[in-house]
Amino acid sequence: MKSRTNRHKALWSKKKIAAGIVSLTVAITATTGIAYADVDLGATIEAWFNKKTEIVMESLEHSIQSETDKQKAMLKEELQLRLEASSKQLDAYTEEQKLVHTQAIEQYAAAILENVVINNEQDRKQMLDKIQVIVDSAKEAIQSLAGSYAPPQLTFVPSESQSVTDAVYEY
């Protein structure tokens, strides 16, 4: 067993160590507090706020650009589908109109032949040949008109434009 003196010395040395640790902690804390007392708190908060604002703006711009790209892709696809459907409708309409006008020309030629008084077979043949030349010429003109039509480009090519944020914050 330890004597009272030995126990007291052991306890006293532990107290010294504890007191040293506490005083060292207090000294470090006090020094740190003094060091930060020189800093301009308003400027520090403003710098932090500006940094956070910049981060949020970059994130927002990235999100807007990403969503814009998605929307552009969807619109481009939809426009492409509508262009193709419109082209098919135009082709069908062209064929229908060629047929209608060709039939109208043939009916008109037949009506002219019925209303013309022809005395002999030779005049009738000559008249039929001339009308046939005119009908063929009209059909050929209709075909060349339909063939000369240049349909619009079937792929959408977007024009160069400014970014969304530039458009929103334009002065």
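Net charge within 13 Å of Q143 by Cβ-Cβ distance, Lys/Arg positive one each and Asp/Glu negative one each, not counting Q143 itself?
It works out to a net charge of -1.
Expected output is a single nm value to one decimal: the length gained when fully extending between K72 and A27, i.e. 0.36 nm times separation in residues minus the C-alpha distance. What is it?
Separation in residues times 0.36 nm, less the Cα-Cα distance, equals 9.9 nm.
Per the 1.4 Å probe, what fraction of the accessible area of the stretch 54-124, in percent, lies on carbon and sulfur atoms?
Whole-percent figure for carbon plus sulfur exposure: 55.
Once ligands and nucleic acids are excluded and a 1.4 Å probe is used, how much of H101 is accessible, expressed in Å² to the nearest 10?
Number for this one is 90 Å².
Considering only protein heavy atoms, with the full assembly of protein chains and a 1.4 angstrom probe, order E67, E95 by accessible area, largest first.
Sorted descending by solvent-accessible area, the residues read E95, E67.
Go through the stretch 97-113 residue by residue and turn each phi into a ³J(HN,Hα) via Karplus (6.51, -1.76, 1.60, θ = phi - 60°); whole Hz please, and just put x for glycine and proline.
3J(HN,Hα) across the stretch 97-113, in whole Hz: 5, 4, 5, 4, 6, 5, 5, 5, 5, 5, 5, 5, 4, 5, 5, 5, 4.
Just add up the charged neighbours of S59: K/R +1, D/E -1, any other residue whose Cβ is under 15 Å from the Cβ of S59.
Residues near S59 contribute -2 overall.
With a point put 7 Å past each Cα toward its Cβ, work out how far Q107 is from Q65 in nm, to one decimal.
Once both label points are built, they end up 6.3 nm from each other.
The values are calculated or read from the model by the stated rules, or taken from the named source; none is laboratory data. In this text, all values refer to a predicted model and were calculated from it rather than measured experimentally. Please note: Cβ atoms are built from the backbone with ideal geometry, for glycine as well, and neighbour counts cover all protein chains shown. For accessibility, only protein heavy atoms count, side chains too; no ligands or nucleic acids. Shrake-Rupley method; radii C 1.70, N 1.55, O 1.52, S 1.80 Å.
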